[in-house]
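Participant: Okay, here's the structure, questions in a sec.
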Amino acid sequence: MHWRNALAAGAFAALSIHLVSAQTLARLPAPPAPPIPKDSAQVDSAKAAMAASDTNGDTVTYSALRIRFRGDHFSLSDKAVLKYKGSTLTADSIVYYSGDDIVEAMGAPLIEDPTDPPILGYRMRYNLKNKVGTIYYGSSRRATQSFNGMEIRRQADGDVYVSRGEFTTCDLPDPHYFFYARRMIVEPESEVLSGPVVMDIADVPVAVFPMMVVPLGKGRRSGLLQPKFGGDQSQGFYISNMGYYWAINDYMDFLASGDLVEGTRGTFDNTDFNTTYSWNKRYVWSGEVTTKVYVSQFNPSTAGGYIDFSNDLNLTPDGRQTLKGSGRLQSDPTIVQNNALTEDEALQQTANADLGYTGQFDWEGATLNADLTQDYNLTENQVDRSLPNIAFHAGGPLIPVPEDETPGITEPWYRNINWNYSNLFNVDQVSDSALSSGARGDTNVYVGYSDALSFTGKYTAGYINFTPSVNFSQLWSLDKTSGDTARPYRANFDPSKGQTGEYFAAWNTSVSADTRIYGIAQAGDHPWFGRLAAIRHTITPSVSLTYAPKIDSNPAFYPNPKVGGTAFQAEQKAVGLQLGNDVDFKLADPALPKQKPEPYKLLSTNSAVSYNFADPQHPWSDITSTASLYLTHDIALTLNTVHGLYDNLADSSKQNQVVSPVLKSWEFGWRKGIEIGGGFSSGLEIADAQGNATGRFQQSPWSASFNYGFDFNATRVGTSGNGSPVARFFGTSEIYNVTRTDQASASLKINPTPGWKMTYDTQFDFTQGRFSSQVFGFERTLHCWQMVFNWTPVGVTQGWNFVIRIIDLPDVKLQSSDTRGLRPIQ
């Protein structure tokens with residue numbers, strides 16, 4: 001609670017009455033004066049002022065309308081002012097008793113210091129010898145924070161005792177609320193400790209906080225945490241955040257805390273204990289380990305929980321070699337679901353983890369990655385671990401230019417040959433014994449390795465680009481099949497007995513040629529119509545030749561699922577054809593004839609097909625096509641199609657016959673968002689949200705955002721059998737199995753007055769025909785208070801939540817909720 005910081009800071013400032021030390025006052029010189037009794041001296045004038053310096057060179061200045069020197073005390077009265085080291089003490093009278101080393105100030109003493117809030121009191125007393133001081137009926141204010149204390153006492157060790165103090169952040173003369181505590185102990189620059197604190201609203205006590213512990217000062221400091229108290233229908237009474245924070249050093253800290261939750265039955269089923277150990281050294285190392293242990297009914301035998309970790313370590317100063325990881329390790333798949341108290345915990349359905357090394361090297365841009373990963377689906381109880389997964393990649397010119405040789409304009413052909421090498425080693429542990437879909441499970445260990453080496457070149461002859469390549473690949477696995485491909489077993493690895501796993505190698509070669517053909521129509525000095533100044537049509541044809549020998553399959557080879565690959569290569573003597581088309585406009589502004597026209601892409605298409613002379617049954621491949629129509633600069637409607645030249649739904653005797661292209665499948669998707677906002681009478685602003693709200697209109701009187709996503713897929717499953725070639729090409733005579741995902745989200749924010757804020761957020765799933773989530777929010781600022789009401793009609797957190805909190809002290813709040821779903825401890 002921030003109010004305790006202000007209370008401690010004000011009290012400490014008030015008690016810093018080291019304005020004048022005992023030694024300094026003892027050496028103040030007596031001013032010249034007329035003969036008077038030996039025991040006293042007095043100066044009366046309209047303005048009397050004096051100054052002196054101690055042996056350290058610190059100057060003390062004082063002034064008053066009346067200054068009196070006696071044998072046992074020194075006094076200033078009537079507009080007395082004392083200044084020392086930037087601090088000023090003002091009072092009706094200030095008295096120093098030299099025999100007891102005590103300073104007293106009376107008549108509204110005011111202490112002002114540049115670094116602390118000013119404090120005003122009724123009376124002040126300070127012992128310069130033992131550095132113990134007291135202020136009676138003191139008050140202080142900084143910004144909106146103010147406090148009053150009937151007695152504030154500073155001890156010799158620097159601690160401050162506050163008796164019968166009041167604090168508030170309401171800046172009204174008659175504040176809406178205040179806190180009252182009979183006793184507080186303030187450890188300057190450390191913490192505030194207090195017993196019961198009473199919260200009063202409009203002078204009516206409404207709540208009692210059993211205790212308070214608040215760290216003071218800036219930066220990280222060790223100390224007790226401030227507990228939070230509350231309750232609702234689902235959790236019952238709870239005390240959360242009980243614990244201790246330890247700032248170990250500048251780079252590490254440790255936090256231990258616990259939540260005591262009564263529960264609906266009062267049996268304390270959801271008590272938990274938490275620890276967080278974190279470290280951070282800039283540019284070198286950062287990370288965190290968090291643990292949570294749930295203990296039901298304080299029974300240790302029921303304990304369970306999880307460990308979350310993250311790590312980011314630069315192994316070298318340049319950051320090219322790193323060790324990174326994050327994830328969760330969990331004692332039981334259902335431990336979090338059964339004990340979750342917050343929405344975030346309840347939605348955590350995985351316990352994934354990874355730890356990886358990444359190295360970048362100067363040699364040929366080589367990279368090395370070594371990872372340990374775990375994918376743990378808690379809902380389905382499926383575990384997939386890679387222990388480890390190692391990947392290496394390198395590549396560059398096959399014959400690079402020597403460092404002492406200057407590259408020429410025309411390089412020899414062998415300088416254009418590049419090589420590329422990559423490999424992957426993986427040990428995959430799978431545990432999936434009972435799939436929810438009813439399919440047979442898989443609990444095995446797969447070990448696999450793959451690598452690939454390729455050589456490519458790039459050459460130009462006239463307007464045609466040629467790209468030849470040669471590719472080699474290898475696969476190795478320790479797995480075999482045992483008559484049941486769904487449950488392979490791991491083979492023994494014993495080279496002395498010839499058991500070295502299964503191996504497969506393949507190679508292929510290819511060459512491709514491509515060019516660009518342009519067709520341009522220019523309008524001249526003036527656009528044809530509107531802003532249209534030019535049209536450009538670009539055709540990009542390419543042809544490729546591929547040869548791959550037939551390599552028989554290895555029937556005993558079972559690939560590692562993470563490595564992939566297949567132990568068979570079909571013969572290829574293939575010609576591939578590809579055609580790309582792009583249509584672009586150039587838009588000019590007639591009012592600015594010297595300005596360069598703006599390019600605008602209208603249409604982009606690409607189609608590909610191949611013919612394999614080595615396949616006697618189906619030499620033609622499917623025709624794949626992609627077309628994108630740009631409705632605006634940022635919005636494109638993209639359609640993907642697959643046309644077949646063989647009818648797989650025809651009679652078996654006709655399935656190998658070439659037919660006119662028939663549409664086998666087609667799909668398209670679209671995602672877009674828009675955000676609007678403005679004033680109630682100032683017009684409308686519109687922004688493209690790019691599928692995500694930008695927050696551009698957060699401060700406007702009203703704003704709204706809308707995001708829509710649509711995916712459509714159609715796969716051919718039947719045919720009428722008598723469609724024309726055109727009907728079959730466009731699919732109007734075919735029967736398709738259609739799947740689609742169709743959902744939208746919207747957000748509305750309205751600020752009808754400076755104090756009111758209303759929000760509405762929703763997601764609607766068109767496929768299921770229902771709202772997947774809805775949240776209504778109302779927020780009202782009531783001077784120093786804030787009211788928040790949220791209603792969730794559907795979803796995991798279904799219900800409502802009502803909170804009134806102090807704006808400057810958000811931890812201090814009154815809360816009520818309908819907890820049919822999970823409500824977070826706030």
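The values are calculated or read from the model by the stated rules, or taken from the named source; none is laboratory data. Here the structure is a predicted model, which is why all the values come from computation and not from measurement. Cβ sites come from the backbone with ideal geometry, for glycine too, and all protein chains shown count toward neighbours. Accessible surface is based on the protein model in full, side chains and every heavy atom, while ligands, DNA and RNA are left aside. Shrake-Rupley method; radii C 1.70, N 1.55, O 1.52, S 1.80 Å.
Participant: Based on the Cβ-Cβ distance from residue 202 to residue 122, what FRET efficiency comes out when R0 is 22 Å, to the nearest 0.05?
Facilitator: Between residue 202 and residue 122 the formula returns 0.25.
Participant: Considering only protein heavy atoms, what per residue accessible area in square angstrom results for region 593-658 with a 1.4 angstrom probe?
Facilitator: Using a 1.4 Å probe on heavy atoms only, each residue of region 593-658 averages 64 Å².
Participant: OK, next. Which value in nm describes the separation of the simple spin-label points at residue 587 and residue 712, placed 7 Å from the Cα toward the beta carbon?
Facilitator: So the two model labels end up 2.6 nm from each other.
Participant: Mind giving me the FRET efficiency for residue 380 and residue 301? R0 is 30 Å, r the Cβ-Cβ distance, nearest 0.05 is fine.
Facilitator: Once the sixth-power term is evaluated, E becomes 0.65.
Participant: With r as the distance between the Cβ atoms of residue 322 and residue 420 and R0 = 35 Å, compute the FRET efficiency 1/(1 + (r/R0)^6) and round to 0.05.
Facilitator: About 0.90, to the nearest 0.05.
Participant: Now for a separate question. So how far, in whole Å, is the C-alpha centre of region 571-624 from the one of region 745-769?
Facilitator: About 43 Å separates the Cα centre of region 571-624 from the one of region 745-769.
Participant: Also, I was wondering about something else. Compute the Rg/Rh shape ratio of region 246-329: radius of gyration over Kirkwood radius, all on alpha-carbon atoms.
Facilitator: Taking Rh as the inverse mean 1/r over Cα pairs, Rg/Rh reads 1.16.
Participant: Let me ask something else. Above 27 angstrom, tally the Cα pairs of region 527-675 and express them as a % of all pairs, no decimals.
Facilitator: Across region 527-675, Cα pairs with separations above 27 Å total 51 percent.
Participant: Are there trypsin sites (Lys or Arg not before Pro) in region 247-308 that DSSP marks as loop and that have at most 13 other Cβ atoms within 10 Å, and which are they?
Facilitator: 265, 282
Participant: Please compute the length gained on full extension between residue 431 and residue 579, using 0.36 nm multiplied by the number of residues separating them and subtracting their Cα-Cα distance.
Facilitator: 48.7 nm
Participant: If the chain between residue 613 and residue 540 were fully stretched, how many nm would it gain, using 0.36 nm times the residue separation less the Cα-Cα distance?
Facilitator: The residue 613-residue 540 span can extend by a further 23.8 nm.
Participant: Starting with the highest mean, order 306-314, 199-207 by the number of other Cβ atoms within 10 Å, averaged over the residues of each peptide.
Facilitator: Taking the mean over residues of other Cβ atoms within 10 Å, the ranking is 306-314, 199-207.
Participant: With all protein chains present and a 1.4 Å probe, how do 194, 326 order by accessible area, largest first?
Facilitator: The residues order as 326, 194, largest area first.
Participant: Let me ask another. With labels modelled as points extended 7 Å from the Cα through the Cβ direction, what inter-label distance (nm, one decimal) is found for residue 525 paired with residue 807?
Facilitator: Result: 6.4 nm between the two label points.
Participant: Spin-label point model (7 Å from Cα, Cβ direction): what's the residue 547 to residue 657 distance in nm?
Facilitator: About 3.5 nm, to one decimal.
Participant: Residues with beta-carbon under 11 Å from that of residue 207, excluding residue 207: net charge, scoring Lys, Arg +1 and Asp, Glu -1?
Facilitator: 0
Participant: Turning to a different aspect of this structure: Below 9 angstrom from the Cβ of residue 163, what's the summed charge of the other residues (Lys, Arg +1; Asp, Glu -1)?
Facilitator: +3
Participant: Which net charge results when you count Lys and Arg as +1 and Asp and Glu as -1 among the other residues whose beta-carbon is under 10 Å from that of residue 355?
Facilitator: -1
Participant: Let me ask something else. Which value in Å does the Kirkwood hydrodynamic radius of region 709-800 take, with 1/r averaged over all unlike C-alpha pairs and then inverted?
Facilitator: Hydrodynamic radius (Kirkwood, Cα pairs) of region 709-800 is 17.2 Å.
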